[in-house]
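Just so you know, all these numbers are worked out from the coordinates, no wet-lab data involved. This structure is a prediction, so every number in the text was calculated from the model and none was measured. Cβ placement follows ideal geometry from the backbone for every residue including glycine, while neighbour counts extend to all protein chains displayed.
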Amino acid sequence: MKSLLFQFILVPFVILNFVNNVNAGITSRFIREEWPSVDIPLDHEVFAVPKGYNAPQQVHITQGNYDGNAVIISWVTFDEPGSSKVQYGKSDKNYEFSAEGKMTNYTFYKYNSGYIHHVLVDGLEYDTKYYYKTGDGDSAREFWFQTPPMIGPDVPYKFGIIGDLGQTYNSLSTLEHYMESGAQSVLFVGDLSYADRYKYNDVGIRWDSWGRFVEKSTAYQPWIWSAGNHEIEYMPYMNEVTPFKSYLHRYPTPYLASKSSSPMWYAIRRASAHIIVLSSYSPFVKYTPQWKWLEEELNRVDRKKTPWLIVLVHVPIYNSNEAHFMEGESMRAVFEEWFIHHKVDVIFAGHVHAYERSYRILNIRYNVSSGERFPVPDESAPVYITVGDGGNQEGLAGKFRDPQPDYSAFREASYGHSTLEIMNRTHAVYHWNRNDDGKKVAIDSFVLNNQYWSSNVRERKLKRHYLNGMRMIAS
């Protein structure tokens, strides 16, 4: 029955996908009356501090190991360090297990952070709802999360994709509409709080407000983090010259589980997906640690266990907006050939404050002395999707290059979020949802064919056709 239902849903998407691949790309002319691109005032209820002495706040979870049966739970206390302990169990208020973690803090200019707690909770059962409690006494707070299904090639799973979120009213619209999507985990493509738009102590204050702002989602499902340029926070005028200082103290990643040497780049496996997180702002040219790690990680991918290979990066590799145009060219030159060879399915990026989806294209035949000058269509290439439209205070990037390049399938300067719903090893359904003045509107949708399994099916059909032909000749 489920298979028949999927086939019924699949038909209109297949038609849309077919149409999009034979016609010229679309530049949406939609114009919205956007809310002002200013941050929500600090006294707004979305930034409310939990009641009680030393109550945990800014609670968030991320995947804690390579295969998804662990989480890292993080929170901040301000009155005193308190306990770095999580109590958890499989029924509400029945906390039969506990885990201890570590506490850290930092200074930024004259701002002193709260006490930041990180606790690894591992050995969890797959596809299980867990309830957990942080904090002490009457100020303790309770939440829950759902572990993913065990890794397998046909395990369905729904991801949300958000980038460049910030903390404006547009950001709030994106967050609330994402939470209605039914997605189970967020792939976040960088630029979290936009606290670096502030100066002096306000930088740290706006990190705290953002942590409270997103808690209604991050405390209940893992957000898979990647860093953008607004996490760098290189501010010599304040004697702050350590890149990513706030981000690295606040948002841990399970980088050691994938044999990475840095929390800035890492990989996880979740349900039927293998997700690789790259850092646009860490060295990645040949022989660097990130380059060497990615070479090894791509060779570890097992498409028979995790058919879907997804890459997250902040700076788009293909982008036809005037904003940040060609900033991803250096990474393209280094990694694009690997993406083709290893049959990456889709690459999500942020950075540009607009939405854009590419056709399957490549430009690996070009070099500075010869070769084809322009990207060409190729079914072996990934789809490139930019979702830097979360809602931050810098506003929309409304100026696209004209004419629209052949590689660009759809583009629009609006705020929104995306979802990728994996159905099985061969197909996933993708949506981009526009925040149309507070109303969730699905604008761009298509069925994504798995690169590894779809190509194998084609090869088997060709082989079967060839063998049948040979038998006919022989008879």
Dipole of the chain, positive direction: furthest Cα of Gln451, Val46, Gln404, with charges on the beta-carbon: Gln451
Restricting region 240-345 to GluC sites (Glu not before Pro) in coil, as DSSP defines it, with at most 16 other Cβ within 10 Å: Glu322
Kirkwood hydrodynamic radius of region 275-319, Cα pairs, Å: 11.7 Å
Gain in span if fully extended, Val441 to Asn94, counting 0.36 nm per residue against the direct Cα distance: 120.9 nm
Magnitude of the charge dipole, the chain, Cβ model with Lys/Arg +1 and Asp/Glu -1, debye to 20: 1740 debye
Inverse of mean 1/r across different Cα pairs in region 235-347, Kirkwood, Å: 15.3 Å
Region 64-100 and region 110-126: distance between their alpha carbon centers, rounded to Å: 8 Å
Low-density loop positions, trypsin sites (Lys or Arg not before Pro), region 178-254 - DSSP coil, at most 16 other Cβ in 10 Å: Lys199
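Shape verdict for region 61-102, please, from the Cα gyration tensor: rounded (a/c under 1.5), prolate (a/b greater than b/c) or oblate. Show your work: numbers first, answer last.
Values: a/c = 2.40, a/b = 1.24, b/c = 1.93.
Cα axes put region 61-102 in the oblate bin.
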Sorted peptide list for 353-366, 275-288, criterion being average Cβ within 10 angstrom, highest first: 353-366, 275-288
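Hey, what did the chain get for relative contact order, percent, Cα under 8 Å, at least 6 apart? Before the final figure, lay out the partial values.
Numbers: 1137 pairs, mean separation 82.5, N = 475.
Relative contact order of the chain: 17 percent.
Helix-only mean residue ellipticity at 222 nm, the chain, DSSP H runs n ≥ 4 weighted -39,500 (n - 2.57), per residue, nearest 500. What is it?
Theoretical 222 nm ellipticity from helices: -7000 deg cm²/dmol.
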FRET efficiency, 1/(1 + (r/R0)^6) with R0 41 Å, evaluated for Phe30 and Lys51 via beta carbons: 0.45
Charge-dipole axis of the chain as Lys and Arg at +1 and Asp and Glu at -1 on Cβ define it, positive-most pick from Ser261, Leu192, Asn367: Asn367
GluC sites (Glu not before Pro) restricted to region 125-185 and DSSP loop, no more than 13 other C-beta within 10 Å: Glu125, Glu180
Percent of beta bridges antiparallel (DSSP, the chain, rounded to nearest 5): 80 percent
Largest-first principal axis extents, alpha carbons of region 370-429, Å: 41, 38, 17
Ratio of the Cα radius of gyration of region 151-462 to 2.2 N^0.38 Å, where N counts its residues: 0.96
For region 305-350, with +1 on Lys and Arg beta carbons and -1 on Asp and Glu, the positive-most of Ile317, Val334, Val344 along the dipole: Val344
